[in-house]
Every structure is written in C-alpha cells, then in structure tokens.
Amino acid sequence: MARIVVIGAGMGAMAAAARLAVAGHRVAVYERAATHGGGVGRFERDGFVFDTGPGLLHLPAVYRDLFVKTGKEPLERCVGMSQVDPASRHVFADGTDVSLPNASRAGVVRALDDAVGPGAGERWSDLVNRAREVWDATRRPLLEEPLREDHAALGQDPYPAVRKRGLFRRRGPVTLASVAERELGDARLAALLESHALAYGLDPRRAPGSATVLPYMEQTFGSWYVSGGVRALADALYERCRARKVEFHFEAEVVRLLEEDGRAAGVELADGSVAEADMVVAGVSPGRLAAIAPGAAAKPQAPVPPGRFTVFLALGGARPDGVVHRTVVHTGDRAAELAAVFGDDDRPAAGRGSGSGRGDYRPTVTVLRPDDPATRPDGGHEAVTLVATVAPHGRVDWADVPTADGFADRMVDAAAAAVPGLRERLLWREVRTPADTEAAVGAEGGGVPAPVLAGADGGFLRPGNATPVPGLHLAGGFAHPGGGLAHAGMSGALVAGLIVSGADWRGSQ
Ligand SMILES: Cc1cc2nc3c(=O)[nH]c(=O)nc-3n(C[C@H](O)[C@H](O)[C@H](O)COP(=O)(O)OP(=O)(O)OC[C@H]3O[C@@H](n4cnc5c(N)ncnc54)[C@H](O)[C@@H]3O)c2cc1C
C-alpha cells in the first residue's frame, strides 16, 4: 500500500483518487478551494439552481465504468440520468431552424433533409460515417492507452480522404473547416459541424479533420442530463471517493512538490505544512504545475485555451411543454467570432471597441433549458443558462464590468431567438466570465482545455500522464487525453493504471 497525494479535487483527479483507493492505496486529496468538483460547480439563488460548468454529459460509459470499478452501486443508482431528446435544436443565421433527435442517425438525416434541403442529411451522414473511422482508429491509442513516447502515429490525421471525380481530394492540411467546405456544401451544415468544435474551444480553421469525431461521439452515444444538474455527478464521485476512504483537505493549496533522490516524495502546502507521499498525482493547470513542479511542466507551455462565458437567467412563468433542452443559436458573423475567440488579429477581442469593429459580433450561444423541477423554485418559474466560448481572461479584461455586461447583453439578444418572451420574463441574471473561472478553478485565464485529437503533427495532444519526475503523474483536462468531463474521467483511469500496473502498462485489455 502506497501513500498517494492528489493535488486538486477536479473530476480527473477524483476519478484517479477513487480508483487508486480501491486498488488498496492510502489516498489524500489537497484542494485549494472550499469544495470538490473544480469546474463542475453549482450556483443557487432564490430557489433557482444552475451548473457553472458543463450542463450535459457525453460518453457516460466513462463514469459508468468508474462507478462499476470502484464500488457496488452503479452510476445510475447514485445519480438520475436521462437522455436529452431532441439532442439539440439549431437556429442558423438565416433563420433555418432544425431539431436533431438524440442518437438516431436516420432521424437526423430526415430532420436535415426537411430543414436544409434534400440530400443534406445524406451528406451529413456520410461525414459522420467517415468520422466513425476516426473513432475506430483512435479510440484505443488516443483515449484508452497512456500516451506513448513514440506517439508520432497520432500526428497523422485518420480522417479519410474523400474521392471526388476519381481523385482523392487532399490539397493542403485537412482542417475541420476545409472538411466542412468540401464535403458539406452548405453554410448551415458547415456551421453545425464547426459548432461542435467551438463548443469545446477548438478553432475549426486549425483543428484537424479528426475533430469530426466530436459530433460522431455525441450522435452515437447520446447527450445525457444528470438530475439536479451535472454538479450532482461531482457530488456522487466525491461521495464514492469518501466511501473508499479517500481523505479530503479543502482550502489546502499545494505550493511545491517535495522530491527525494529525484523522486516525488510529497507536497508542501501554502501554510508551510508538509504531506509526505510515495506518489503524487496532480490534476491542475499548466501554470500551477510549473509553479509546483518545474521539472514536470511542458516546455514551452501550450497557449491558454478559450474560456466560457455563462449567463444564468431566472425567468418568471412556467417552462412551456415541449421546449428543447439545448438550442444552439449560431452567429451570423463566423469570421468575427473566430477572430475574437482565437485571437488571430489585433482587433478588439470582445465587448470593447467603437461599435464598428469585430468586437461587437454576436456570439454563437448555447441555450440550456432543463426540464428539471430541482432547478427552479416552483412550476411558475424557469432556470435557463446561456453559454458562449470566448477568449480567455487576459486577452480580454473580463473583470471589467461594462465589458462583461455588454457581452452578456449580446448573448441575451441571441438567446431571444430560442426563448420567446425572454426579456419580458426575466427576473434577474447572473454572469460568469473566464475571470470568475480563473478564480474558482485556478486555471490561467479561466481557459478550458479541449479533448485531444489525432493529426496536425501532434499539435492537439496534451502532456502524457507520466512525467519526467518519477512518482509524479498528471490527471485532468490539461493532461492526456484532454479536457471535457468524459476525457478528464479517462485520465483518472490512465493514471490509476500506470500507478497500479507500472510504467509499462499499455491500457486495460
Ligand atoms: C465554465 C465551464 C464550462 C465547461 N463546459 C463543459 C462542457 O460543456 N462539456 C464538457 O465536457 N466539459 C466542460 N467543461 C470542462 C470540464 O468541466 C472539465 O474538463 C472537467 O471537469 C475536468 O476538470 P479537471 O479534472 O481538469 O479539473 P478542474 O475542474 O480544472 O479542477 C482543478 C482543481 O484543482 C484545484 N487546484 C488547482 N491548483 C491547486 C493547488 N495548487 N493546490 C490544490 N488544489 C489546486 C482547483 O481549485 C480545482 O478544484 C467546462 C468547464 C468550465 C469551467
């Protein structure tokens, strides 16, 4: 039995902690905040309840596996889970409005044919079939195995070339944007594809064709809602950890890794106390890792990813029957949005500016309207969350109140397309910017890391779970296989596998 210190109580770190405890290790988690869950938080006011992080779960198998492997009670006995159907509604810039059924390819084809025009569904379906090849080729080496040192093969994009007029069309690097343009032949379908990347903070102009795996996963494995909000999943994982005798220390910031003979030997906390350990698992951002253990940090550090801007709306009046859970209201100015979010020009990134520049773009907004009595004071009210992907704090000063308020106004304007009467029903709103994420989660700029992708010469990979410092491992969204609820959960499984079975472990069979 080894003593293991885990830094941070995010989902990846807790997933590792639970698995390591079950394997017989003594595990202690040190978390700088006052609660568990990291980005998976909850905001409550006047009987309204909102998730501050993800609002839906994709790939529930990751957490089902975790709960099966760490105890008797399966996931679905610990939290209420339901599939969201329709999975999403899309309102495009030209007013086209389409609802896509959950996990039904035939249903999606029909819906797209009806809304976009004959043949649209088939073109989309063909693309998703090609994305399946990406999933088949990368599921194991990318998601279920630790990152190999010789990971050159993952630098190749497995998205298949499309044969057109007898020729394989592959000129220049294949990006998600070029796939959209060449293979979908419709601006609305392209917006649909690209919105999956943007939602994870990926730039479709740079992400490889393999990013098509994101809609594949969602349309194949479904979109799931957790009763009470996704925070309930973090609570269940925390309870599972405690049931396996994982110790938690809150408001306990780790400032330094202790090393002995070149090996991780424990951590020093901000109050000067020390926790000794045989092994350490860090589930924190790159900047924090560099401060704690400079020898383990990637050099050079990856750029800070985009963050999320969230607006919580408390509405008077009942949630109408038949309302779709998730609506994506697409921007009418893709170029301005991508430039603002990914910062490839020197114009104002958001909010600021004279009103004539690209800073005033209307963002792509995801509107979440869960049909869950636990999120509202009574049947005469509704809780609605708006989410947009935005530049990280720092590139935009999101702590500047007029900047944040101006951006929130534009999100509400966009959301009005999905929620008729929104302004008249609004009781109050609460705004969360990347500056708030930075304060809550500790990640630089409030950046939210995306899942890893194959292709682009490995430019979309993250550092492996083992580090150059023996005895120090990395979990969570900033390590392999990247961010998002499901991927961070997988990082926990990989870290536990490497610690329990040794550095030569090649993933579970
Ligand atoms: C606003 C927002 C929206 C998101 N939306 C989605 C979504 O729609 N879909 C999706 O799949 N994912 C989404 N995510 C991402 C998802 O929440 C995370 O990828 C996932 O929860 C995994 O987080 P993690 O394990 O990397 O830990 P994190 O959530 O990053 O937590 C890290 C923890 O470490 C602690 N910590 C940091 N430094 C120290 C230190 N020195 N000592 C002790 N503790 C420390 C922090 O306080 C924090 O609790 C969103 C995240 C945010 C913030």
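The values are calculated or read from the model by the stated rules, or taken from the named source; none is laboratory data. Source: prediction; values computed, not measured. Here Cβ is always computed from backbone atoms with ideal geometry, including for glycine, and neighbour counts include all displayed protein chains. We work out accessible area using only protein heavy atoms, side chains counted, and drop any ligands, DNA or RNA first. Shrake-Rupley method; radii C 1.70, N 1.55, O 1.52, S 1.80 Å.
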Residue within region 215-234 that is part of a loop (DSSP other than H, G, I, E, B) and surrounded by fewer than 17 Cβ atoms within 10 Å (Cβ to Cβ) present:
yes
Residue 142, sole failed condition from (1) modelled with pLDDT under 95; (2) not in a helix (DSSP H, G or I)
(2)
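Among the candidates 253, 259, single out the residue that is open to solvent by 20 Å² or more (accessible area, probe 1.4 Å) and over 19 Å from residue 439 (Cα atoms).
Only one candidate passes the filter, namely 259.
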Among the residues of region 49-82, write down those that are within 19 Å of residue 216 (Cβ to Cβ) and touching a Ser or Thr at 6+ places or on another chain (Cβ under 7 Å).
56, 58
Do we find that residue 460 is in contact with a Pro (Cβ under 9 Å, 6 or more places away or on another chain), in a loop (DSSP other than H, G, I, E, B) and more than 10 Å from the ligand (Cβ to nearest atom) in this structure?
yes
Can you go through 399, 374, 404, 383 and tell me which one is part of a loop (DSSP other than H, G, I, E, B), aliphatic (A, V, I, L, M) and in the same structural domain as residue 344 (by TED's automatic domain parsing)?
399
Do you know which residues across region 270-293 are in contact with a Leu (Cβ under 9 Å, 6 or more places away or on another chain) and either in a helix (DSSP H, G or I) or open to solvent by 20 Å² or more (accessible area, probe 1.4 Å) (or both)?
274, 276, 279, 283, 284, 289, 292
Scan of region 467-498 for residues that are of a type in the set (A, V, I, L, M), open to solvent by 20 Å² or more (accessible area, probe 1.4 Å) and touching a strand residue (DSSP E or B) at 6+ places or on another chain (Cβ under 6 Å), ordered by number:
485
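I'd like to know if region 428-439 contains one or more residues that are near the ligand (Cβ under 9 Å from one of its atoms), open to solvent by less than 10 Å² (accessible area, probe 1.4 Å) and over 29 Å from residue 23 (Cα atoms). I'd like the intermediate steps shown before the answer.
Taking region 428-439 as the starting set, the residues that turn out to be near the ligand (Cβ under 9 Å from one of its atoms) are 432, 434, 436-437.
In the following step, the residues that additionally are open to solvent by less than 10 Å² (accessible area, probe 1.4 Å) were identified as 434.
Narrowing further to those that are over 29 Å from residue 23 (Cα atoms): 434.
Yes, some residue in region 428-439 is near the ligand (Cβ under 9 Å from one of its atoms), open to solvent by less than 10 Å² (accessible area, probe 1.4 Å) and over 29 Å from residue 23 (Cα atoms).
Can residue 123 be described as among the charged types (D, E, K, R) and within 25 Å of the chain's Cα centre (by Cα)? Before you say what the answer is, go through the steps one by one.
Values: among the charged types (D, E, K, R): yes; within 25 Å of the chain's Cα centre (by Cα): no.
No; evaluated as a whole, the condition is false for this residue.
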